[in-house]
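Novice: The following block contains the structure, expressed as structure tokens.
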Amino acid sequence: MSANRKLQTEIDRTLKKVEEGVEVFDEVWDKVYSATQQNQKEKYEVDLKKEIKKLQRHRDQIKTWAASSDIKDKRALTDARKLIETKMEQFKVCEKETKTKTYSKEGLARETKVDPHEAARQATRDWLSEKVDALSTQIDAHEADVERLSSGKGAKRHRAEVEQLEASIKRHRWHIARLEQIARLLDNDALQHEQIDEIKEDVEYYIDANQEPDFMDAYDETMDIFESLELGELAPAGDDDAAPAADAGRRKKKGGRGDDDDDDDDPKARKKKDKQAAKEAKEAEKKAAKAAKAKATATVPLTIGRATVPK
């Protein structure tokens with residue numbers, strides 16, 4: 001019974017923080033749109049982002065409680081979650097307007113010149129950036145939870161939960177690295193926006209569903225949602241454990257393929273390989289011509305000033 005009272009107290013405290021956080025968010029929102037100076041506006045936009053991140057952390061905790069069977073009446077939790085999600089959508093509007101205004105002059109100058117293909121490419125770039133931001137926000141929330149659970153007397157009791165959060169952070173960072181890699185390939189015309197469209201549904205499902213309590217029960221560590229793009233293996237930056245088992249699964253699938261086959265996935269490596277093959281073929285052709293000339297010289301008798309008699 002005391003455990004239930006403690007849980008209810010924590011829930012009430014969090015709901016109170018949500019209420020206060022929404023009020024602060026609304027105040028900063030008004031300051032953003034009432035600012036007359038650009039530097040003031042930018043400062044308030046930074047403050048607004050901080051406030052929405054705080055609300056998102058509360059939302060993650062609320063979703064965990066809402067999935068628990070220990071709580072019977074979940075209406076207050078549901079209302080609080082929906083309120084936070086409304087503010088998240090509101091923040092996206094502000095963020096989008098900020099990005100648009102930053103490049104408004106260039107955008108207006110080019111508006112009539114942009115063809116549908118380039119417009120689709122830009123929409124894909126924006127989508128990739130949005131998903132990276134969404135995963136980064138989740139990482140911030142997880143890191144805050146890890147810090148909270150790792151401190152105090154109950155740190156040992158929460159060890160399993162902390163390990164689960166740390167594993168989720170590593171998975172998120174791996175997915176962010178993939179999305180950033182895809183953005184670079186798109187900018188370099190190594191990938192087309194139509195190819196990226198094929199993975200959008202899987203990426204959005206991962207971002208939305210990974211917060212659910214039973215997500216890991218259905219998640220396949222060896223499944224790579226980016227496999228159709230043939231990105232190759234992703235080398236982790238300073239953390240060998242950061243890449244999930246998807247890379248290992250891909251290596252297993254390639255099995256009998258050699259290093260040359262791996263190079264085929266890289267346009268630069270393939271171009272270098274073709275150039276080297278052409279060079280080797282040219283050298284072989286020169287050697288063959290030289291050998292043929294030498295053979296002809298050896299078999300034709302010298303006929304300067306006299307006739308020769310075949311032996």
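The values are calculated or read from the model by the stated rules, or taken from the named source; none is laboratory data. All values derive from a computational prediction rather than experimental measurement. Here the Cβ is made from the backbone with ideal geometry for all residues, glycine too, and neighbour counts use every protein chain on show. Please note that ligands, DNA and RNA were not included when accessible areas were found on the heavy atoms of the full protein model with its side chains. Shrake-Rupley method; radii C 1.70, N 1.55, O 1.52, S 1.80 Å.
Novice: Which distance in nm do the two modelled labels at GLU118 and LYS92 give, with both placed 7 Å along the Cα-to-Cβ direction?
Specialist: Using points 7 Å along Cα→Cβ, the separation is 2.7 nm.
Novice: Using R₀ = 25 Å, calculate the FRET efficiency as 1/(1 + (r/R₀)^6) where r is the Cβ-Cβ separation of LYS74 and SER2; round to 0.05.
Specialist: Efficiency computed from Cβ-Cβ geometry: 0.70.
Novice: What is the pair-distance distribution P(r) of the stretch 39-198, computed from all Cα-Cα distances in 10 Å bins starting at 0, with each bin given as a whole percent?
Specialist: Per 10 Å bin, starting at zero, the Cα-Cα P(r) for the stretch 39-198 comes out as 9, 26, 32, 21, 9, 2, 0 percent.
Novice: Between LYS82 and ALA209, what length in nm is gained on full extension when 0.36 nm per residue of separation is reduced by their alpha carbon distance?
Specialist: 44.1 nm
Novice: At GLU194 and ALA155, where each label point lies 7 Å from the Cα along Cα→Cβ, what is the point-to-point distance in nanometres?
Specialist: My value for the distance between the label points is 5.6 nm.
Novice: At a 1.4 Å probe, what is the % contribution of carbon and sulfur to the accessible area of the stretch 1-88?
Specialist: That share works out to 48 percent.
Novice: Which percent of the accessible area of the stretch 165-212 is formed by carbon and sulfur heavy atoms (probe 1.4 angstrom)?
Specialist: 42
Novice: Compute the length gained on full extension between GLN38 and MET216: take 0.36 nm times their separation in residues and subtract their Cα-Cα distance, giving the result in nm to one decimal.
Specialist: 59.6 nm
Novice: What is the gain in length, in nm to one decimal, between ASP12 and LYS31 on full extension, counting 0.36 nm per residue of separation less the C-alpha to C-alpha distance?
Specialist: Between ASP12 and LYS31, full extension yields an extra 3.9 nm.
Novice: May I ask you to list the trypsin sites (Lys or Arg not before Pro) in the stretch 141-183 that are in a DSSP loop and have at most 11 other Cβ atoms within 10 Å of their Cβ?
Specialist: When the trypsin sites (Lys or Arg not before Pro) of the stretch 141-183 are filtered for loop state and at most 11 Cβ neighbours within 10 Å, LYS153, LYS156, ARG157 remain.
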